[in-house]
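A.B. asks: This is the structure I want to talk about, given as structure tokens.
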Amino acid sequence: MPAPRALAPSLLFVLVGTLITSPDAVAVTSTNLAQRYEIAATLDVSAGRLDAVETLTVTNHSSETLDHLNLSVVPRALGYLTMSKPITVDGSEVDADWTTGINLRVALPDLEPRRAARLRIPFTLELGRSPDAFTARTSWENGVLTFGQWFPILSTEHDVYGLGDPQVSFTADVIRLDLTTTSVLARHAVACPGLREAPGASGTAWTCVSTDVRDFSFVVNPRFRLTERRVGDTDLLVYAETVSGEATANLAAEALAGFSEAFGTYPWPDLVLAEVGSGGGFSMEYPRIIHLTRGKVADPYVVYHEVAHQWFYAQLGNDQQREPWLDEGFADFSARWLMGIGENQCSTRPVDSEVFAWDAGPTTGGDWTSCDGYFHSVFYRGTEFLNAIRSSMGDDAFFAAIRDWVSRYRGGFVTGQRLLRHLQGWTDADLRPIYAAYLAQPVALLLRGAPANTYPE
């Protein structure tokens, strides 16, 4: 079995407390920090090269004095990343070491509680065509440059894996990109949320600012055409090349309206949907922006599923490797509920399986599609599980509980145990037999004591 399976469970339990590195040394880190990212980047579109300097400002909200941060940098696993020196903290050069395939441990000069530190991190990306699971993340195909999970971001110490989502991230106050291109591009060539400045008919400079988000992505295609729509208080922006964008906008507008009513109002001023260069692989969600593969730009299920992720992942963070059902199960359920279709699964695996239950390499492999594969077990059986809970509770109680769940933990980080206790608290029906039928963890452990949440809320 690859190293990630052995590493992930132990590493992910030590996020806020101490991390033992040797009998004689104790390293202390936390994810309970305020974060602000300011990235100045120059993009050579013809070469697929991005030169960037990231300024990360963190404020320690934990009770510990910290001596390092863990930054996740997924492009390293794809062979695209070159880190430049020096990395500095408050102007002084510090040590930085790779402890997993994507985890960069950056030393801090004893960051005390309530104190801030400013990190300067220079890096370069030289993109290529990524494996299928990553083509809608960071990749370069058919002249389209896709940047998802592309910059060093505060995370847990974990590794990349070729199945599921490799990112664990936490809400930042601001993520700002100041992008300069080495060639003149059309006005709509850059798709990003929070576009503040754009050229007139053409130009070389774009500024994108996103607030209260746990990640940030963008897509560059000189041949993009923009379709705009207003949905309530939200600007819906569809950037497409191979389709008109109208069908995608119609689907996204229906999903925004339906999910806002079901789960609570969409909280950001815009939602961007961008067609990537890949015809295959999987579409991918990010806060305020969705990357759609070319074969799925106007696919109702895919568009609904990815819009649902704006609630389940973008608003409610979760550990996507340890508990992928918390976002994928809900996204599948939401899409099928909006389409008026039921579950379609043949799995007997527990819904709460980790991604490491399926053999995979660092960036490829894994059983996605068989009856006991990732999709059927986590997505489709997850929908069956949620429908069983919904049937037991009744629609009114179930959707009221989910709206309260989203409102209560918006911008935070949730766990399965906390959700299951929350749902049981909203009904007189006994949900324990349903939990026992679908989940691997014993019901007694799921419902007793304080929620097993070591992440900041």
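A.B. asks: With the condition kept exactly as written, say whether any residue in region 115-124 is at pLDDT 95 or above, touching a Pro at 6+ places or on another chain (Cβ under 7 Å) and among the charged types (D, E, K, R).
C.D. replies: Within region 115-124 (the criterion being at pLDDT 95 or above, touching a Pro at 6+ places or on another chain (Cβ under 7 Å) and among the charged types (D, E, K, R)), the answer is no, since none of the residues qualifies.
A.B. asks: Can you name the condition, by its number, that L177 falls short on among (1) open to solvent by 10 Å² or more (accessible area, probe 1.4 Å); (2) outside any loop (DSSP other than H, G, I, E, B)?
C.D. replies: (1)
A.B. asks: Right, another one. If you scan region 99-116, which residues turn out to be under 16 Å from F151 (Cα atoms) and open to solvent by 30 Å² or more (accessible area, probe 1.4 Å)?
C.D. replies: If the condition is that a residue be under 16 Å from F151 (Cα atoms) and open to solvent by 30 Å² or more (accessible area, probe 1.4 Å), then R105 is the only one that fits.
A.B. asks: For region 86-98, enumerate the residues that are in a loop (DSSP other than H, G, I, E, B) and either open to solvent by less than 40 Å² (accessible area, probe 1.4 Å) or within 17 Å of A116 (Cα to Cα) (or both).
C.D. replies: First, pick out the residues of region 86-98 that are in a loop (DSSP other than H, G, I, E, B): 86-87, 90-91, 94-95.
Once the filter is applied, which keeps residues that are in a loop (DSSP other than H, G, I, E, B) and either open to solvent by less than 40 Å² (accessible area, probe 1.4 Å) or within 17 Å of A116 (Cα to Cα) (or both), region 86-98 yields I87, D90, G91, V94.
A.B. asks: Grab the strands (runs of 3 or more DSSP E) fully contained in region 246-314, keeping just those with 3 or more residues being in contact (Cβ under 8 Å) with a residue 40 or more places away in the chain and among the basic types (K, R). Let's see the steps before the verdict.
C.D. replies: Working: elements: 270-275, 284-286, 289-292.
In region 246-314, no matching strands (runs of 3 or more DSSP E) lie anywhere.
A.B. asks: If you check W325 against the conditions, is it open to solvent by 40 Å² or more (accessible area, probe 1.4 Å) and within 30 Å of D270 (Cα to Cα)?
C.D. replies: Values: open to solvent by 40 Å² or more (accessible area, probe 1.4 Å): no; within 30 Å of D270 (Cα to Cα): yes.
Spelling it out, it is not the case that W325 is open to solvent by 40 Å² or more (accessible area, probe 1.4 Å) and within 30 Å of D270 (Cα to Cα).
Residue by residue, here is whether (1) of a type in the set (V, I, T); (2) out of contact with any strand residue (DSSP E or B) (no Cβ under 7 Å at 6 or more places or on another chain); (3) on the phi > 0 side of the Ramachandran plot holds:
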{"residue": "E306", "(1), (2), (3)": "no, no, no"}
{"residue": "W311", "(1), (2), (3)": "no, yes, no"}
{"residue": "E323", "(1), (2), (3)": "no, yes, no"}
{"residue": "E328", "(1), (2), (3)": "no, yes, no"}
{"residue": "D332", "(1), (2), (3)": "no, yes, no"}
{"residue": "G340", "(1), (2), (3)": "no, yes, yes"}
{"residue": "T348", "(1), (2), (3)": "yes, yes, no"}
{"residue": "S353", "(1), (2), (3)": "no, yes, no"}
{"residue": "A357", "(1), (2), (3)": "no, yes, no"}
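A.B. asks: In region 287-305, how many residues are touching a Lys or Arg at 6+ places or on another chain (Cβ under 9 Å) and either among the hydrophobic types (A, V, I, L, M, F, W, C) or closer than 15 Å to R137 by Cα (or both)?
C.D. replies: Within region 287-305, residues that are touching a Lys or Arg at 6+ places or on another chain (Cβ under 9 Å) and either among the hydrophobic types (A, V, I, L, M, F, W, C) or closer than 15 Å to R137 by Cα (or both) number 4.
A.B. asks: Follow-up. Taking region 65-83 only, how many residues are surrounded by fewer than 19 Cβ atoms within 10 Å (Cβ to Cβ) and in a loop (DSSP other than H, G, I, E, B)? Spell out how you get there, then give the answer.
C.D. replies: Going through region 65-83, the residues surrounded by fewer than 19 Cβ atoms within 10 Å (Cβ to Cβ) turn out to be 65, 67, 79, 82-83.
The next check asks that each one be in a loop (DSSP other than H, G, I, E, B); those that pass are 65, 79.
Selection size over region 65-83: 2.
A.B. asks: Return the residue satisfying two criteria in turn: it lies in region 395-434 and is in a loop (DSSP other than H, G, I, E, B) and more than 22 Å from the chain's Cα centre (by Cα), and of such residues it is surrounded by the most Cβ atoms within 10 Å (Cβ to Cβ). Full working, then the answer.
C.D. replies: Initial filter on region 395-434 (in a loop (DSSP other than H, G, I, E, B)): 410-412, 414-415, 425-431.
Filter once more, so that each one left must be more than 22 Å from the chain's Cα centre (by Cα): 425-431.
Working: G425: 9, W426: 16, T427: 15, D428: 7, A429: 16, D430: 10, L431: 20.
Across region 395-434, the extreme among qualifying residues is L431.
A.B. asks: Kindly establish whether R229 is more than 30 Å from T100 (Cβ to Cβ) and in contact (Cβ under 8 Å) with a residue 12 or more places away in the chain. First the steps, then the outcome.
C.D. replies: Numbers: more than 30 Å from T100 (Cβ to Cβ): yes; in contact (Cβ under 8 Å) with a residue 12 or more places away in the chain: yes.
Answer is yes for this residue.
A.B. asks: Sticking with this one: Just the residues that are of a type in the set (S, T, Y), out of contact with any Pro (no Cβ under 7 Å at 6 or more places or on another chain) and closer than 24 Å to D97 by Cβ, please, taken from region 26-58. Even if it seems obvious, please write down each step before you answer.
C.D. replies: If we filter region 26-58 for residues that are of a type in the set (S, T, Y), which is where we start, we get 29-31, 37, 42, 46, 55, 57.
Subset that is out of contact with any Pro (no Cβ under 7 Å at 6 or more places or on another chain): 29-30, 37, 42, 46, 55, 57.
Within region 26-58, T29, S30, Y37, T55, T57 qualify.
A.B. asks: Taking A27, is it open to solvent by less than 60 Å² (accessible area, probe 1.4 Å) and at pLDDT below 95? Give the steps one after another, and end with the answer.
C.D. replies: Details: open to solvent by less than 60 Å² (accessible area, probe 1.4 Å): yes; at pLDDT below 95: yes.
Considered against the rule, which asks whether it is open to solvent by less than 60 Å² (accessible area, probe 1.4 Å) and at pLDDT below 95, A27 comes out as yes.
A.B. asks: Further, regarding this structure: Is it the case that R223 is over 22 Å from the mean Cα position of the chain (by Cα), among the basic types (K, R), over 25 Å from H305 (Cβ atoms) and modelled with pLDDT of 95 or more? Before the answer, list the steps.
C.D. replies: Values: over 22 Å from the mean Cα position of the chain (by Cα): yes; among the basic types (K, R): yes; over 25 Å from H305 (Cβ atoms): yes; modelled with pLDDT of 95 or more: yes.
Spelling it out, R223 is indeed over 22 Å from the mean Cα position of the chain (by Cα), among the basic types (K, R), over 25 Å from H305 (Cβ atoms) and modelled with pLDDT of 95 or more.
A.B. asks: I'm checking my understanding of the structure. Among residues of region 222-239 that are out of contact with any strand residue (DSSP E or B) (no Cβ under 7 Å at 6 or more places or on another chain) and closer than 23 Å to Y313 by Cβ, which one is surrounded by the most Cβ atoms within 10 Å (Cβ to Cβ)?
C.D. replies: Step by step, filter region 222-239, then rank; the result is V231.
A.B. asks: F375 fails exactly one of the following numbered conditions: (1) touching a residue at least 12 places away in the same chain (Cβ under 8 Å); (2) under 20 Å from the mean Cα position of the chain (by Cα). What is the number of that condition?
C.D. replies: With respect to (1) touching a residue at least 12 places away in the same chain (Cβ under 8 Å); (2) under 20 Å from the mean Cα position of the chain (by Cα), F375 is out only on (1).
A.B. asks: Still on this model: Could you list, in sequence order, all residues of region 46-64 that are of a type in the set (S, T, N, Q), under 20 Å from V106 (Cα atoms) and not in a strand (DSSP E or B)?
C.D. replies: We begin by selecting, within region 46-64, every residue of a type in the set (S, T, N, Q); these are 46, 55, 57, 59-60, 62-63.
Next cut, under 20 Å from V106 (Cα atoms) only: 55, 57, 59-60, 62-63.
Hits for region 46-64 are S62, S63.
A.B. asks: Which strands (runs of 3 or more DSSP E) does region 99-162 wholly contain that include 3 or more residues that are closer than 22 Å to T242 by Cα? Show your work before the answer.
C.D. replies: Numbers: elements: 103-111, 116-126, 139-141, 144-147.
The qualifying strands (runs of 3 or more DSSP E) are 139-141, 144-147.
A.B. asks: Continuing with this model, one more query. With the condition kept exactly as written, say whether any residue in region 240-259 is β-branched (V, I, T), surrounded by fewer than 17 Cβ atoms within 10 Å (Cβ to Cβ) and under 22 Å from A186 (Cα atoms).
C.D. replies: Let us first name the residues in region 240-259 that are β-branched (V, I, T), namely 242-243, 248.
Cutting the leftovers down to surrounded by fewer than 17 Cβ atoms within 10 Å (Cβ to Cβ) gives us 242-243.
From what is left, the residues that are under 22 Å from A186 (Cα atoms) are 242-243.
Within region 240-259 (the criterion being β-branched (V, I, T), surrounded by fewer than 17 Cβ atoms within 10 Å (Cβ to Cβ) and under 22 Å from A186 (Cα atoms)), the answer is yes, since at least one residue qualifies.
The values are calculated or read from the model by the stated rules, or taken from the named source; none is laboratory data. Every value quoted in this text rests on a predicted model; they were computed, and no experiment measured them. Every residue, glycine as well, gets a Cβ built from its backbone with ideal geometry; the counts of neighbours run over all protein chains shown. For the accessible areas, the whole protein counts, side chains as well, though only heavy atoms, and no ligand, DNA or RNA atoms are used. Shrake-Rupley method; radii C 1.70, N 1.55, O 1.52, S 1.80 Å.
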